[in-house]
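Asker: If you scroll down you'll find the structure; I have some questions about it.
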Amino acid sequence: MALAKIKKEHIKQVVAFGKSAAPLSERDDLDELAILAIESGDKLLLSYFEELPALDILKKSKTDKELGRNIEANQTATEPKQTEKKK
Amino acid sequence: MLCATIRPRTRACGPTTGGISNIAVFDPNDLNFTQAADVAGAKQPYSVVAIRIGATSPVVFGITFKEDEAEYKFTQSRNGCSVSYEHEIDASIEDLDQSATQFLQAVDAAACCCGLGFFIRLNSGKILVMGEKYVNGESIPKFKVAQDGSTGTSGKVFEDYNGVALVFKGKYSRALYEYSGTWATIEALMVA
């Protein structure tokens, strides 16, 4: 769950970033976008968000999310081997 | 460096390629580019492209050109401390027809009023931005790109070329910035 929240009036707004140009309501990288908005001072990008958490909190959330993904990926990679052992 | 901060020009050893893969045009008033803060004084590429409020979709339009005929180039010149970069895109669109006329009329009208913006996807994979107007929610010094010097021909015999040799030119104070996202995200703006 992203910490950064989009204002209702901007949920359909399309933003091209990274590998996706999905509307803001469908994006799973809002924290990353929020970090960029704060670091660049982009007034347009900042205007899409509700009041944002502090930059260090957003960065920690992004890191935790990435770590979570890595742990999940590692677990998925090791699961078939465990099944083989059970056999 | 007692006078100026010089930077190295380095790249990982590996091959690259010449030529242009795709060109897309936009109204510079329609898009806002996000540029992260300088890192150790160095300008960063654009990382986000957002449709500005009030712009009507689609906001980016692809240009189908004759394969292997498009080229982007620039010429840098200097007068004292004043630096100028003359940017140019050359591309051939085949077949003189109503669609070609409509395209030319549209780009002439846009160029007269507000200029044109371009995404240029090189065969190397890099995406360059030319003619942008809004960065980080604010307008930047005017970077006006317009059609200037295009020529058209029907050819004389069957095998002759029939089409328009497009030329877009624009002067600015620097070389082009890169967009760090994928071309798929630009394509999405063509239908958004």
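Any read-out appearing in this document is the output of simple, stated calculations on the displayed coordinates, not a laboratory observation. The structure presented is a predicted model; accordingly, all values stated were derived computationally and were not measured. Glycine gets a Cβ as well: all are built from the backbone with ideal geometry, and neighbour counts include every protein chain shown.
Asker: Using the Karplus equation 6.51 cos²θ - 1.76 cosθ + 1.60 (θ = phi - 60°), what ³J(HN,Hα) coupling, rounded to whole Hz, does each residue of segment B:37-45 give in order, writing x for Gly and Pro?
Answerer: Values per residue, Gly and Pro as x: 4, 4, 10, 6, x, 9, 5, 9, x Hz.
Asker: Please report, to two decimal places, log10 I(q)/I(0) for chain B at q = 0.08, 0.09, 0.12, 0.15 Å⁻¹ as given by the Debye formula with identical point scatterers on the Cα atoms and no solvent.
Answerer: -0.29, -0.37, -0.65, -0.99
Asker: Further, regarding this structure: List every residue whose amide H lies under 5 Å from the amide H of residue B:171, counting only residues 5 or more places away in sequence or on a different chain, with H placed 1.01 Å from N in the peptide plane.
Answerer: Residues meeting the criterion, in which the H sits 1.01 Å from N, are B:87, B:144.
Asker: In whole percent, what relative contact order does chain A give with Cα contacts below 8 Å and a gap of six or more residues?
Answerer: 30
Asker: While we're looking at this one, here's another question. Over all residues in B:47-58, what is the mean tally of Cβ atoms on other chains that come within 10 Å of each residue's Cβ?
Answerer: Values: counts 9, 12, 5, 15, 6, 2, 6, 0, 0, 0, 1, 1.
Partner Cβ neighbours, averaged per residue: 5.
Asker: Longer than 24 Å from Cα to Cα, which of A:19/A:43; B:142/B:169; A:43/B:73 are they? Say none if no pair is. If you can, show how the numbers build up before the last one.
Answerer: Working: A:19/A:43 22 Å; B:142/B:169 14 Å; A:43/B:73 32 Å.
Over 24 Å Cα-Cα: A:43/B:73.
Asker: Give me P(r) over segment B:68-135, computed from all C-alpha to C-alpha distances, binned every 10 Å, as integer percentages.
Answerer: Going from the shortest bin to the longest, the percentages are 15, 38, 36, 9, 1.
Asker: Gap in Å between the Cα centre of segment B:14-63 and the Cα centre of segment B:90-146?
Answerer: 11
Asker: For residue B:135, which sequence-distant residues (separation of 5 or more, or a different chain) have an amide H within less than 5 Å of its own amide H, given hydrogens modelled in the peptide plane?
Answerer: Excluding prolines and chain starts, which carry no amide H, the hits are B:33, B:140.
Asker: Summarise the long-distance tail of P(r) for segment B:109-180 by giving the % of C-alpha pairs beyond 18 Å.
Answerer: 53
Asker: Turning to a different aspect of this structure: Only loop residues by DSSP count here, and only those with at most 16 other Cβ atoms within 10 Å; note down the trypsin sites (Lys or Arg not before Pro) in segment B:60-98 that meet that. Don't jump to the answer; show the numbers that get you there.
Answerer: On the way: sites: B:66, B:73, B:78; in loops: B:66.
Answer by residue number: B:66.
Asker: Against the empirical 2.2 N^0.38 Å scaling, what ratio does the C-alpha Rg of segment B:25-112 come to? Could the numbers behind the result be given before it?
Answerer: Numbers: Rg = 17.2 Å, N = 88, 2.2 N^0.38 = 12.1 Å.
Here the answer is 1.43, to two decimals.
Asker: Next question, about the same structure. For the protein assembly as shown, what D do you get in µm² per second when you plug the Kirkwood radius from alpha-carbon pairs into Stokes-Einstein at 4 °C and 1.567 mPa s?
Answerer: Here the translational diffusion coefficient equals 61 µm²/s.
Asker: Could I ask something else about it? Show that you can apply the helix-only estimate: for the protein assembly as shown, add -39,500 (n - 2.57) for every DSSP H stretch of four or more residues, divide by all residues, and state [θ] at 222 nm to the nearest 500.
Answerer: Numbers: 5 runs with 73 residues, N = 279.
Taking each H run of at least 4 residues, the total per residue is -8500 deg cm²/dmol.
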